[in-house]
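Working notes, structure below.
The values are calculated or read from the model by the stated rules, or taken from the named source; none is laboratory data. Just so it is clear, the structure is predicted and the values come from calculations on it, not from any experiment. In this analysis, Cβ positions are derived from the backbone assuming ideal geometry, glycine residues included, and neighbour counts consider all displayed protein chains.
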Amino acid sequence: MSRLWPDELGVYLAAHRLCLVRAKRGLKAAVVARHERAVEAADPGAWTSALSVLDSVLSQSGWRGARVHMVFADQWARYAVIPWAQALTSRAERLELARQSLATIYGDVVSDWEVLLSDAAPPASCVACAAPAQLLAAVRATCARHTVKLASLQPQLIAAYDSWRHRLPNSNAWFVTLEQGTWRRSALRSTVGTVSIPCASIRIGRGS
């Protein structure tokens with residue numbers, strides 16, 4: 001691994017599985033390692049088992065010293081589209097509006113979750129995402145414990161949309177991501193030259 005071009009480590013974290021891909025950067029960029037492991041979780045919605053597996057894998061020397069780009073499953077994320085409000089003059093005010101909107105949609109479950117806002121130029125709407133604060137803190141602590149730099153941390157829908165947006169129509173379409181047990185759908189609508197993403201999560205299997 002070069003200090004000038006540190007390796008990149010892609011990590012996908014879900015309740016039922018963990019996937020890692022290590023890539024060498026530089027003039028001869030290449031994938032140098034892959035790993036996928038099933039996760040046994042008593043609670044299909046819990047993240048602690050998956051994170052314990054990640055902690056175990058990162059303790060192995062072959063995964064250290066890389067920049068980590070992590071994607072976590074959408075079952076641990078909640079979304080809302082926040083319309084542009086000219087009266088709100090700071091990002092802190094827009095973030096508070098996002099918290100209120102998420103609480104109205106999802107209730108107390110997101111009261112202690114961490115909320116992030118996408119970047120959007122006025123007067124476009126932005127996307128708010130909430131995720132369990134304990135999950136995000138545990139991910140950061142795990143990376144720090146194994147001396148790997150956490151370069152990015154995204155929910156599955158946002159990461160997938162960023163990868164595919166250049167191939168998607170601007171409006172009148174659905175974008176869907178799948179994971180064991182659930183699928184996440186988002187409607188693409190043209191709004192002042194941008195794409196807005198109202199989201200819904202649907203569980204697959206019994207009771208769906």
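Odds and ends about this structure:
- Subset of segment 113-132 [modelled with pLDDT of 80 or more and touching a Ser or Thr at 6+ places or on another chain (Cβ under 6 Å)]: Ser125, Cys126, Val127
- Conditions (1) of a type outside the set (D, E, K, R); (2) in contact (Cβ under 8 Å) with a residue 24 or more places away in the chain; (3) outside any helix (DSSP H, G or I): number failed by Ala87: (2)
- Single match in Gln75, Gln100 (criterion: under 17 Å from Leu153 (Cβ atoms), assigned to a helix (DSSP H, G or I) and out of contact with any Phe, Trp or Tyr (no Cβ under 6 Å at 6 or more places or on another chain)): Gln75
- Hits in segment 143-164 - residues which are more than 14 Å from Leu9 (Cβ to Cβ), of a type outside the set (Gly, Ala, Ser) and assigned to a helix (DSSP H, G or I): Arg145, Gln156, Leu157, Ile158, Tyr161, Asp162, Trp164
- Within segment 73-120, considering residues that are loosely packed, with under 12 Cβ neighbours inside 10 Å and hydroxyl-bearing (Ser, Thr, Tyr), the one farthest from Leu135 (Cα to Cα): Thr89
- Scanning segment 49-61 for residues that are under 18 Å from Gln75 (Cβ atoms) and touching a Leu at 6+ places or on another chain (Cβ under 9 Å) returns Ala50, Leu51, Val53, Leu54.
- Residue within segment 107-114 that is in contact (Cβ under 8 Å) with a residue 12 or more places away in the chain and part of a strand (DSSP E or B) present: yes
- Scope segment 56-72; condition exposed (fewer than 14 other Cβ atoms within 10 Å of the Cβ), part of a helix (DSSP H, G or I) and in contact (Cβ under 8 Å) with a residue 24 or more places away in the chain; matching residues: Gly62
The rows are residues; the columns are (1) basic (Lys, Arg); (2) closer than 26 Å to His69 by Cβ.
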{"site": "Ala103", "(1), (2)": "no, no"}
{"site": "Asp108", "(1), (2)": "no, no"}
{"site": "Leu117", "(1), (2)": "no, yes"}
{"site": "Ala124", "(1), (2)": "no, yes"}
{"site": "Cys129", "(1), (2)": "no, yes"}
{"site": "Val139", "(1), (2)": "no, yes"}
{"site": "Arg145", "(1), (2)": "yes, yes"}
{"site": "Lys149", "(1), (2)": "yes, yes"}
